[in-house]
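The values are calculated or read from the model by the stated rules, or taken from the named source; none is laboratory data. These figures come from a predicted structure and were not determined experimentally. Methodologically, a virtual Cβ is constructed for each residue, glycine included, from the backbone with ideal geometry; neighbour enumeration extends over all protein chains shown.
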């Protein structure tokens, strides 16, 4: 009886240890998955060639060896309401993120143009451009009527060829009145504005994009551009999407852009319920090249 009792106790201890091991393994797996989500996907067959992790001290300016400011207003062709500045009030580093902040304020630029909103717009033109590859960013967007965050690309021949002949790839655009939906699109000669080749991606169960970071990416090859949100492929664009007379212009280097617009033809203007400031947070931007075995 004593021996049996001890065996029963020992069996109970082993069951407890097994349960604890399972709990620990589940916890480790969850932590690993969380880390993978935080650092972005590890795309197989890709080599990282350019990135900005924005891991600079709080309050720092952006790395001007990688980024250029677009400054001004009324030159973007979208009837936007903001004045893009390079001021630290609009663009800065905080907690490992790039912060682009749109503010409601009376602002007069050095060109004498006055606006009631300010924001930021960054690009890699003259610093970095690439044809083909994987282009991704982990971003937390704002949500409010009249906001228009975007992560996108333009052909680096824009000064010579002009727009839309240079080509445009919109990796992610959102208009505040659609809190669960982003849009991916391409533009070129003949397919601009309302004729742009566009597709939406909507989060399930009415989740709001502004409630968390999401990874927005394209994988661009000579004859195809694939659009992703959080690793989900939601549309592929090819030459077959073009109508007769339209030209495929995605065969040369493009540079990157990040901006947070206020108002414009597509999102409409802020309304009384739009609270400012509105912020767009960028955890990282990464560019890969395909590794050929």
Checklist entry - What strands (runs of 3 or more DSSP E), lying completely within segment 116-181, carry at least 1 residues that are over 19 Å from residue 237 (Cα atoms) and at pLDDT below 95? => result none
Next on the checklist: Need the failing condition index for residue 87 against (1) assigned to a loop (DSSP other than H, G, I, E, B); (2) touching a residue at least 40 places away in the same chain (Cβ under 8 Å); (3) under 16 Å from residue 277 (Cβ atoms), just the number.
Outcome noted: (2)
Next on the checklist: Residues that are part of a loop (DSSP other than H, G, I, E, B), loosely packed, with under 11 Cβ neighbours inside 10 Å and at pLDDT below 95: does segment 27-43 have at least one?
Outcome noted: yes
